[in-house]
1. Can you put 110, 84 in order of Cβ neighbours within 10 angstrom, beginning with the fewest?
2. What FRET efficiency comes out for residue 9 versus residue 110 if R0 is 30 angstrom and r is the Cβ-Cβ distance? Round to the nearest 0.05.
3. Where does the chain land on Rg/Rh, using Cα atoms and the Kirkwood Rh?
4. Using Cα centres only, tell me the gap between region 115-141 and region 91-107 in whole Å.
5. Can you sort 95, 23 from fewest to most other Cβ atoms within 10 Å of each residue's own Cβ?
6. Take residue 63 and residue 40, extend 7 Å from each Cα along the Cα→Cβ direction, and tell me the distance between the two endpoints in nm.
7. Can you tell me how much longer the chain between residue 95 and residue 138 gets when fully stretched, taken as 0.36 nm per residue apart minus their C-alpha distance, in nm with one decimal?
8. Over the chain, what is the relative contact order in whole percent, taking alpha-carbon pairs under 8 Å and six or more residues apart?
Amino acid sequence: MSTELGSPVLRLTRAQYDQVIAHCYDGFPDEACGLLAGRLEGDEPTGVVTAVYPCENAAHSARVYRVGGRDLVRATLDANARGEEIIAVFHSHTHTDAYPSPTDVAQASEAQKLERPWLYPIVSLKYGEPVLRAYWLRDETITEVPVEVGE
């Protein structure tokens, strides 16, 4: 289901949400990152997450993330074997809000030259409780995407 702007709603099960959050805490104090798989309608993700792939932050940094090449290949091959695609890359912000940084926007712009646009969920660990928000980052424009966590 899409929102009125044509952006999907990012839909995770409770178990998927818990897996993403746990991986973000496991990576602390560095940023953590991972990939989400799902189906496409045309070239656009439906927003329904079918698999979570926790990945190594190859940058080993509290300020930036880089999904390791082996993790990217492993996740892509697994998703493709099920007739799905990588639809999102998630990462944590350890000390800032769940909003794309200028570095996040620049990385997304570079990635779009190679792949179709992905969704960008961000988990903030700044507060007592984690905050998960998701975005389209297209042509350096930031558009928030609703997130739904179901059973």
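Computed from the coordinates by the stated procedures, all read-outs in this text should not be read as laboratory data. Owing to the predicted nature of the structure, the values given are computational and were not obtained by experimental measurement. Cβ atoms come from the backbone with ideal geometry, glycine included; neighbour counts cover every protein chain shown.
1. Numbers: 110 8, 84 19.
Least crowded to most crowded, the residues run 110, 84.
2. Working: r = 26 Å, r/R0 = 0.87.
That pair, residue 9 with residue 110, gives E of 0.70.
3. Numbers: Rg = 14.0 Å, Rh = 15.2 Å.
That ratio equals 0.92.
4. Taking the Cα centre of each part, region 115-141 and region 91-107 sit 7 Å apart.
5. Numbers: 95 12, 23 20.
In increasing order of surrounding Cβ atoms, one gets 95, 23.
6. For the pair residue 63/residue 40, the computed spacing is 3.5 nm.
7. Values: separation 43, 0.36 × 43 = 15.48 nm, distance 2.46 nm.
Residue separation times 0.36 nm, minus the Cα-Cα distance, leaves 13.0 nm.
8. On the way: 320 pairs, mean separation 38.2, N = 151.
Value for the chain: 25 percent.
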